[in-house]
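S.K.: Before we start, here is the structure in question, set down as structure tokens.
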Amino acid sequence: MKIAVIGPFPPPHHGFSAMMSAMAERFERTTEVVRIDTSSNQRKAILRHTVQAALYLLAAVRILAIRKPQSWVIALGCNGGFGAWYTLLLATAVRTRGIGLTVHHHSYRYILERQTAINLLSRITKNNSVHVFLSRSMRDDFSQTYSAPIRDLVLSNATFVKWNATDKSRTNRQELTIGFLSNLSEEKGLLDFLQLARKAKAAGSGCIFHLAGPVKLERDRILIEAAVAAGDVAYYGSLYGEEKERFYQELDLFVFPTKYAFEAQPVVIYEALASGVTVFSYRRGCIADQVGDAGSTANSFDELLDHLLRTEEKFRQTPELRSRVWPERAIEKFRQDVQEGDEAIIHLTTAHRLEK
């Protein structure tokens, strides 16, 4: 069996592309994999869509040209917005050839906003394909938006995240260390994190705030520089590999105050859990399920700030929560999701048995 993994691959680097790449690497352990990259580096929308349209048309041609369809499975990353039509195009080509198909959902955009292309996709794939969701809640939300019965499987992003837990005690310092790592922007929660640092400081908190990640807009860079100058945060820039692992290992809490409306299951949250770090976040997409009892989710900034200040006090009164109990919860939550994902991978690697 051969698997063609179709979707965005880095660069550019974002959650969707990173997970498609990691999934391809995982499949490569047991079978031959062909990667078909559909990403575009063009910044202007019209150029980006032109390039992507060409890439998806070429991918459709490659699918239609497959000589032995019974020996192939297509793992297709599902797009939202106008890109959903590209996904529908490829799914139609796959079904025309009778090739096994798995559709991988990574966005809440078309779940929160019903799209005609996704509705058609769910109908043409309802009997002979598998739809792969990041969590059970995502699957249930999809089913409420689109009524066509589908075969489904849950495969979380935890499956593709590296373990990073250590035995190093975090109680060798008095202050609570709180971190945020992302592609830094207002939408991803930069302004809320900076405000969280200011408000905590004003409330007399002794927390230390660490910030990391690339910044695209100059106005955001100016805000970060001002916060650093005021002593509110320490900024570490873009971090990768071992530097990113060390960043997580220094944290007691990871805060992810995303405002992105279509957030699904942020990879950085699993990276924090894999490092034994408690997670606080806003409730978006799959995040409440993702965090579970390894942290806390909030509906508002005030609620998030309150959670943080109360947690600081709990850690001060009961050091064992910080040194052992909460890190163990984070690691256990990550372990459970990885185990479920490993079982799902076994099913996906036998996807050639799907009814054609």
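The values are calculated or read from the model by the stated rules, or taken from the named source; none is laboratory data. Small disclaimer: the values here were computed from a predicted structure and weren't measured. Neighbour counts are summed over all protein chains in view; Cβ atoms, including those assigned to glycine, are modelled from backbone coordinates with ideal geometry. With ligands, DNA and RNA removed, areas are computed over all heavy atoms of the protein, side chains included. Shrake-Rupley method; radii C 1.70, N 1.55, O 1.52, S 1.80 Å.
S.K.: In the chain, if the dipole is taken from +1 on Lys/Arg beta carbons and -1 on Asp/Glu beta carbons about the Cα centre, which of 321, 91, 12 is farthest to the positive end?
M.R.: Value computed over the given set: 91.
S.K.: Starting from the Cα coordinates of the range 101-172, work out the convex hull volume and express it per residue in Å³.
M.R.: Residue-normalised Cα hull volume stands at 116 Å³.
S.K.: Using the Cα gyration tensor of the range 249-318, with a ≥ b ≥ c the square roots of its eigenvalues, what is the shape: rounded (a/c below 1.5), prolate (a/b larger than b/c) or oblate (neither)?
M.R.: Cα axes put the range 249-318 in the oblate bin.
S.K.: Roll a 1.4 Å probe over the protein heavy atoms and report the accessible area of residue 72 in Å², nearest 10.
M.R.: 40 Å²
S.K.: Which residues' amide hydrogens lie under 5 Å from the amide hydrogen of residue 209, considering only partners 5 or more residues apart or on another chain, with H built in the peptide plane?
M.R.: Answer set, sorted by chain and number: 178, 234.
S.K.: If you don't mind, there's one more thing I want to ask. With a 1.4 Å probe and all protein chains kept in place, how much accessible area does residue 13 have, in Å² rounded to the nearest 10?
M.R.: Per-residue accessible area (residue 13): approximately 120 Å².
S.K.: Once label points are set 7 Å from the Cα along Cα→Cβ at both residue 217 and residue 82, what is their separation, rounded to one decimal in nm?
M.R.: Placing both labels 7 Å beyond Cα along the Cβ direction yields 2.2 nm.
S.K.: I'd like the distance separating the alpha-carbon centroids of the range 258-314 and the range 141-216, in whole Å.
M.R.: Answer, in whole Å: 6.
S.K.: Can you work out the FRET efficiency for the pair residue 14 and residue 302, with r the C-beta to C-beta distance and R0 = 22 Å, to the nearest 0.05?
M.R.: 0.15
S.K.: Over the range 209-356, what portion of Cα pair distances is larger than 27 Å, expressed as a whole percent?
M.R.: Numbers: 3283 of 10878 pairs.
So the portion of pairs separated by more than 27 Å is 30 percent.
S.K.: Which order do 247, 16 take when ranked by solvent-accessible area (1.4 Å probe, heavy atoms of all protein chains), largest first?
M.R.: 16, 247
S.K.: Can you pick out the pairs among 2/162; 162/199; 44/68; 244/333; 188/244 whose Cα atoms lie more than 27 Å from each other?
M.R.: 162/199; 44/68
S.K.: What nm value, rounded to one decimal, do you get for the distance between residue 328 and residue 148 when each label is placed 7 Å out toward the C-beta?
M.R.: 4.8 nm
S.K.: Computed FRET efficiency, Cβ-Cβ of residue 239 and residue 25, R0 22 Å: what is it to the nearest 0.05?
M.R.: 0.55
S.K.: Connecting C-alpha atoms closer than 10 Å in a GNM of the chain, tell me which of 216, 44, 314 has the biggest fluctuation.
M.R.: 44
S.K.: Now a separate question. Taking R0 as 35 Å, what's the FRET efficiency between residue 250 and residue 128 from their Cβ-Cβ distance, rounded to 0.05? Could you put the intermediate results ahead of the total?
M.R.: Numbers: r = 49 Å, r/R0 = 1.39.
Given R0 = 35 Å and the Cβ-Cβ separation, E is 0.10.
S.K.: Give me the number: length gained by fully extending residue 32 to residue 317, i.e. 0.36 nm times residue separation minus the C-alpha to C-alpha distance, one decimal in nm.
M.R.: In short, 97.2 nm is gained.
S.K.: Rounded if a/c is under 1.5, else prolate if a/b beats b/c, else oblate: with a ≥ b ≥ c from the C-alpha gyration tensor eigenvalues square-rooted, which is the range 270-356?
M.R.: Cα axes put the range 270-356 in the oblate bin.
S.K.: Convex hull volume of the Cα atoms in the chain, per residue, in Å³?
M.R.: For the chain, the hull spanned by Cα atoms encloses 125 Å³ per residue.
S.K.: Using the heavy atoms of the protein chains and a 1.4 angstrom probe, tell me the accessible area per residue for the range 216-332 in square angstrom.
M.R.: About 45 Å² of surface per residue is accessible.
S.K.: Taking all protein chains in place and a 1.4 Å probe, what share, in percent, of the accessible surface of the range 217-356 do carbon and sulfur account for? Each step should come with its number before you reach the end.
M.R.: Numbers: 3140 of 6460 Å².
Roughly 49 percent, rounded to a whole number.
S.K.: With each label point set 7 Å from Cα along the Cα-Cβ vector, what nm distance links residue 283 and residue 162?
M.R.: A separation of 3.5 nm, rounded to one decimal place.
S.K.: Right, next: If you average the sequence gap of Cα pairs under 8 Å that are 6 or more apart and divide by the length of the range 177-233, what percent do you get for the contact order?
M.R.: Computed value for the range 177-233: 47 percent relative contact order.
S.K.: Extension gain residue 65-residue 119, at 0.36 nm per residue separation less the Cα-Cα distance, in nm?
M.R.: 16.8 nm
S.K.: Round to the nearest 10 and report in Å² the accessible area of residue 335, as given by a 1.4 Å probe over the protein chains' heavy atoms.
M.R.: 90 Å²
S.K.: Rounded, prolate or oblate: which one fits the range 1-153, using the alpha carbon gyration tensor with axes a ≥ b ≥ c (rounded when a/c is under 1.5, else prolate when a/b beats b/c, else oblate)? Display every interim value, and only then the final one.
M.R.: Values: a/c = 1.30, a/b = 1.05, b/c = 1.24.
Rounded, since a/c falls under 1.5.
S.K.: Compute the relative contact order of the range 232-356 as a whole-number percentage, counting only Cα pairs closer than 8 Å that sit 6 or more residues apart in sequence.
M.R.: Value for the range 232-356: 22 percent.
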